[in-house]
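A.B. asks: One structure is given below, represented as structure tokens, and several questions about it will come after.
The values are calculated or read from the model by the stated rules, or taken from the named source; none is laboratory data. Only a predicted model underlies this, so the values are computations on that prediction, with no experimental measurement involved. Note that each Cβ is placed from the backbone with ideal geometry, even for glycine, and that neighbours are counted across all protein chains shown. These area figures cover heavy atoms from the full protein model, side chains too; ligands, DNA and RNA do not enter into them. Shrake-Rupley method; radii C 1.70, N 1.55, O 1.52, S 1.80 Å.
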Amino acid sequence: MYRSVTCGQLRMTDVNSSAVLAGWVQRIRKMGGMTFVDLRDRYGITQLVFNNDVDAALCDAANKLGREYVIQVTGTVRERYNKNRNIPTGDIEIEVNSLNILSTSDTPPFTIEDDSDGGDDLRMQYRYLDLRRDCVRKNLELRHKLAFEVRRYLDSQNFLEIETPILIKSTPEGARDFVVPSRMNPGEFYALPQSPQTFKQLLMVSGFDRYFQIAKCFRDEDLRADRQPEFTQIDCEMSFVEQEDVLAIFEGMVKHVFKEIKGVEFEGEFPRMTWHDAMKYYGSDKPDIRFGMRFVEMKELTGGKNFAVFDSAEYVGGIVAQGCAAYSRKQIDELTEFVKRPQIGAKGLVYVKCEENGAYKSSVDKFYSQDDLACWAKECGANPGDLILILAGKKTATQKALCELRLEMGNRLGLRDKNTFAPLWVVDFPLLEWDEETQRYYAMHHPFTAPKPEDIPLLDTDPGAVRANAYDMVFNGVELGGGSIRIHDSGLQDKMFEVLGFTHEQAQYQFGFLMDAFKYGAPPHGGLAFGLDRFVSLLAGLDSIRDCIAFPKNNSGRDTMSGAPSILDDSQLKELQIKLDLQHPEAK
Ligand code: ASP
């Protein structure tokens with residue numbers, strides 16, 4: 001028996017009992033003739049004491065331990081003289097009578113503490129040590145709990161978890177595929193699934209009616225804080241459903257998870273917003289509605305006063321930052337710099353300070369009278385003490401910039417509390433998105449998304465105006481999940497491919513298997529997928545999804561611990577009949 005209890009288990013009620021513990025040496029402190037060792041495992045920390053006066057040899061052995069040694073001790077539980085109120089085992093300690101070193105350790109490259117001295121890269125290189133840290137381990141525990149509660153809920157709703165293949169033919173989710181060469185079929189490649197989309201639809205054709213899978217998805221995209229080349233979805237699909245059925249089931253799932261994991265209960269139904277309103281009032285299809293500060297369109301209001309910037313702009317929009325009229329020159333300059341950053345792209349920032357005394361101070365005083373500004377304030381709902389911030393330019397780009405400015409102001413004003421959760425369904429997405437560069441439509445979601453039945457005639461006349469039966473669940477400005485009701489009619493699917501610019505042959509080559517399946521009795525169906533990693537980050541209040549993934553990749557898609565990706569040796573390439581066009585510096 002390696003241990004009778006864990007390092008997080010013993011309490012005052014155990015005093016005078018004997019115990020066997022095993023774990024890692026977190027810390028060693030020598031105080032006079034006593035040596036104290038903090039022993040750590042997944043469950044907590046227990047203090048061990050060695051007394052030189054009682055057993056000098058044993059104490060000597062304890063003094064020779066190093067950080068992260070794995071040891072086993074036998075001893076008696078004693079009440080602690082100096083109690084540690086910060087840990088659950090802080091009332092007791094173990095008076096050790098035997099010590100067994102199970103494994104020694106090199107000095108770890110960083111301290112295994114919440115407040116580690118290790119930088120990001122170092123911790124990633126030694127991720128297995130990083131995972132020993134309490135704060136990182138907790139995220140993985142939460143991840144487990146979330147997956148468990150999701151399974152529990154979906155099982156109770158008759159969903160079946162069914163695995164789908166990883167080596168597949170490409171699925172269209174709008175990103176680049178990762179590909180895998182097939183040795184048995186030289187010159188041919190599998191794609192790794194961007195999502196199990198086509199398979200889950202086929203499962204509906206097979207009659208499985210309620211499917212889910214906690215599925216790995218792979219997308220070869222440039223990485224950001226909330227993206228990884230491989231990530232996990234809670235992927236779901238249902239048959240004989242309309243949008244309302246899907247929203248009800250998954251709102252239920254999210255509520256269940258929040259209640260079980262965070263003890264948070266949401267009152268009533270989640271609010272809903274059309275995509276159109278989301279863009280109009282927040283400049284984003286994933287608005288953070290923890291706070292207001294909705295956009296006010298000011299083009300008409302500001303026109304005709306010879307201020308060329310506004311007069312020539314396609315769009316003029318403002319937000320009201322409450323209580324910020326006292327912003328200093330420096331603060332306004334900072335905001336101006338912020339919106340001018342290349343990623344944000346605004347040309348400048350106009351402000352109006354609604355002073356407490358009823359006067360208005362603005363960067364465009366020259367063009368607008370006090371009455372004009374009073375009129376703006378009224379229209380924007382700004383009160384004395386508030387600050388109006390205005391951007392102007394091309395509509396979409398300006399709305400995007402105003403969205404960033406709004407979020408920045410939300411941060412500055414402390415309106416984006418991580419412990420406040422503001423859910424929102426965004427509905428009625430456009431079916432298609434026009435791409436200027438390639439001069440064609442793309443599916444905004446994916447090509448299997450159904451148009452709203454009443455908009456189908458527009459597919460011929462005004463495809464850009466067709467709305468989809470598509471929905472996203474948004475929390476605190478993050479898209480947690482999204483999906484759609486699917487096309488289950490092969491005629492309509494053909495039409496969709498046509499609008500997307502696929503020839504019949506291309507569509508047949510890429511999706512023939514799905515189109516064929518639809519000829520054999522496809523039920524009406526729809527579904528959605530949640531980003532599991534994002535869900536965990538939201539619940540844990542993390543800034544990056546990396547922190548809740550056991551072995552994540554860095555921003556260049558590398559696993560610096562194992563060294564992936566890496567080159568293949570010549571024999572492997574030969575077997576795959578692949579000749580490289582480039583000479584890798586590490587290749588022999
Ligand atoms: N496959 C979609 C995605 O990955 C989700 C869905 O439509 O169910 O975004």
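A.B. asks: So which of 480, 424, 432 ends up being touching a helix residue (DSSP H, G or I) at 6+ places or on another chain (Cβ under 8 Å) and more than 14 Å from the ligand (Cβ to nearest atom)?
C.D. replies: Checking each option against the conditions leaves just 432.
A.B. asks: Can you find, within the range 460-470, the residue that is nearest to the ligand (Cβ to nearest atom) among those that are open to solvent by less than 10 Å² (accessible area, probe 1.4 Å) and touching a residue at least 40 places away in the same chain (Cβ under 8 Å)?
C.D. replies: So in the range 460-470, the residues open to solvent by less than 10 Å² (accessible area, probe 1.4 Å) come out as 466, 468, 470.
Filter once more, so that each one left must be touching a residue at least 40 places away in the same chain (Cβ under 8 Å): 468, 470.
On the way: 468: 11, 470: 8 Å.
Step by step, filter the range 460-470, then rank; the result is 470.
A.B. asks: Collect the residues in the range 263-279 that are open to solvent by 50 Å² or more (accessible area, probe 1.4 Å) and in contact (Cβ under 8 Å) with a residue 60 or more places away in the chain, keeping them in residue-number order.
C.D. replies: 271, 272, 275, 276
A.B. asks: Looking for something acidic (Asp, Glu), surrounded by fewer than 18 Cβ atoms within 10 Å (Cβ to Cβ) and either in a loop (DSSP other than H, G, I, E, B) or free of Cβ contacts under 8 Å to residues at least 40 places away in the same chain (or both) - is there at least one such residue anywhere in the range 405-418?
C.D. replies: Looking for residues that are acidic (Asp, Glu), surrounded by fewer than 18 Cβ atoms within 10 Å (Cβ to Cβ) and either in a loop (DSSP other than H, G, I, E, B) or free of Cβ contacts under 8 Å to residues at least 40 places away in the same chain (or both), one finds at least one in the range 405-418, hence yes.
A.B. asks: Looking at (1) open to solvent by 20 Å² or more (accessible area, probe 1.4 Å); (2) of a type in the set (S, T, N, Q); (3) in contact (Cβ under 8 Å) with a residue 12 or more places away in the chain, which is the one condition that is false for residue 439?
C.D. replies: Unmet for residue 439, out of (1) open to solvent by 20 Å² or more (accessible area, probe 1.4 Å); (2) of a type in the set (S, T, N, Q); (3) in contact (Cβ under 8 Å) with a residue 12 or more places away in the chain: (3).
A.B. asks: So residue 215 clears everything in (1) within 14 Å of the ligand (Cβ to nearest atom); (2) among the aliphatic types (A, V, I, L, M); (3) free of Cβ contacts under 8 Å to residues at least 24 places away in the same chain except one condition, right? Which one?
C.D. replies: The number of the failed condition is (3).
A.B. asks: Something else now. Which residue out of 235, 311 is under 30 Å from residue 450 (Cβ atoms) and surrounded by 14 or more Cβ atoms within 10 Å (Cβ to Cβ)? If you could, list the steps in order and put the result at the bottom.
C.D. replies: Working: 311 fails: under 30 Å from residue 450 (Cβ atoms).
On inspection, the qualifying residue turns out to be 235.
A.B. asks: For residue 371, indicate whether it is without any contact (Cβ under 8 Å) to a residue 40 or more places away in the chain, over 20 Å from residue 329 (Cα atoms) and open to solvent by 40 Å² or more (accessible area, probe 1.4 Å). Break it down into steps so the answer makes sense when it comes.
C.D. replies: On the way: without any contact (Cβ under 8 Å) to a residue 40 or more places away in the chain: yes; over 20 Å from residue 329 (Cα atoms): yes; open to solvent by 40 Å² or more (accessible area, probe 1.4 Å): yes.
Yes: the conditions hold for residue 371.
A.B. asks: Would you point out the residue of the range 175-191, among those that are open to solvent by 30 Å² or more (accessible area, probe 1.4 Å) and in contact with a strand residue (DSSP E or B) (Cβ under 7 Å, 6 or more places away or on another chain), that is farthest from the ligand (Cβ to nearest atom)? Walk me through how you get there before you give the answer.
C.D. replies: Kept after step one, since they are open to solvent by 30 Å² or more (accessible area, probe 1.4 Å), are these residues of the range 175-191: 176-181, 183-190.
With in contact with a strand residue (DSSP E or B) (Cβ under 7 Å, 6 or more places away or on another chain) added as a condition, the list becomes 176-181, 189-190.
Details: 176: 15, 177: 13, 178: 15, 179: 18, 180: 20, 181: 25, 189: 21, 190: 18 Å.
In this case the residue turns out to be 181.
A.B. asks: Right, here's the next one. Quick check: anything in the range 510-519 small (Gly, Ala, Ser) and surrounded by 23 or more Cβ atoms within 10 Å (Cβ to Cβ)? Explain how you work it out, then say what you get.
C.D. replies: Keep residues of the range 510-519 that are small (Gly, Ala, Ser), which gives 512, 517.
Remaining after also requiring surrounded by 23 or more Cβ atoms within 10 Å (Cβ to Cβ): none.
The answer is no; no qualifying residue exists.
A.B. asks: Which of the following residues is among the hydrophobic types (A, V, I, L, M, F, W, C), modelled with pLDDT of 95 or more and away from the ligand (no atom under 16 Å from the Cβ): 529, 540?
C.D. replies: Numbers: 529 fails: away from the ligand (no atom under 16 Å from the Cβ).
Going through 529, 540 in turn, the sole match is 540.
A.B. asks: For residue 507, which of the numbered conditions (1) in contact with a Gly (Cβ under 6 Å, 6 or more places away or on another chain); (2) at pLDDT below 90 fails to hold?
C.D. replies: For residue 507, the exception is condition (1).
A.B. asks: Run residue 473 past the list (1) within 30 Å of residue 543 (Cα to Cα); (2) away from the ligand (no atom under 13 Å from the Cβ); (3) touching a Pro at 6+ places or on another chain (Cβ under 8 Å); (4) not basic (Lys, Arg) and report the number of the one that doesn't hold.
C.D. replies: Answer for residue 473: the failing condition is (2).
A.B. asks: Would you kindly identify the strands (runs of 3 or more DSSP E) lying entirely within the range 11-60 that contain at least 3 residues that are basic (Lys, Arg) and open to solvent by 50 Å² or more (accessible area, probe 1.4 Å)?
C.D. replies: Qualifying strands (runs of 3 or more DSSP E): 18-31.
A.B. asks: Being open to solvent by less than 60 Å² (accessible area, probe 1.4 Å) and among the charged types (D, E, K, R) is the filter here, so list the residues in the range 548-588 that pass it.
C.D. replies: Passing the criteria: 553, 559.
A.B. asks: Mind telling me which of the residues 238, 273 ends up being away from the ligand (no atom under 16 Å from the Cβ) and in contact with a helix residue (DSSP H, G or I) (Cβ under 9 Å, 6 or more places away or on another chain)?
C.D. replies: Details: 238 fails: away from the ligand (no atom under 16 Å from the Cβ).
Answer to the selection: 273.
A.B. asks: Can you run down the residue pairs with Cβ atoms below 6 Å, 6 or more apart or on separate chains, where the first is in the range 281-294 and open to solvent by 30 Å² or more (accessible area, probe 1.4 Å) and the partner is of a type in the set (Phe, Trp, Tyr)?
C.D. replies: 281/295; 285/275; 294/281
A.B. asks: Within the range 238-252, track down each residue that is surrounded by fewer than 17 Cβ atoms within 10 Å (Cβ to Cβ) and assigned to a loop (DSSP other than H, G, I, E, B).
C.D. replies: Those that are surrounded by fewer than 17 Cβ atoms within 10 Å (Cβ to Cβ) and assigned to a loop (DSSP other than H, G, I, E, B): 240, 242.
A.B. asks: While we're here: Which one of these is surrounded by 19 or more Cβ atoms within 10 Å (Cβ to Cβ) and basic (Lys, Arg): 255, 200? Don't jump to the end; show me each part of the working.
C.D. replies: Numbers: 255 fails: surrounded by 19 or more Cβ atoms within 10 Å (Cβ to Cβ).
When all the criteria are applied, what remains is 200.
A.B. asks: Please specify each residue of the range 53-82 satisfying the condition of being aliphatic (A, V, I, L, M) and within 22 Å of residue 24 (Cβ to Cβ). Even if it seems obvious, please write down each step before you answer.
C.D. replies: Quick first cut of the range 53-82, residues aliphatic (A, V, I, L, M) only: 54, 56-58, 61-62, 65, 70-71, 73, 77.
Of everything in the range 53-82, those that are aliphatic (A, V, I, L, M) and within 22 Å of residue 24 (Cβ to Cβ) turn out to be 58, 61, 62, 65, 70, 71, 73, 77.
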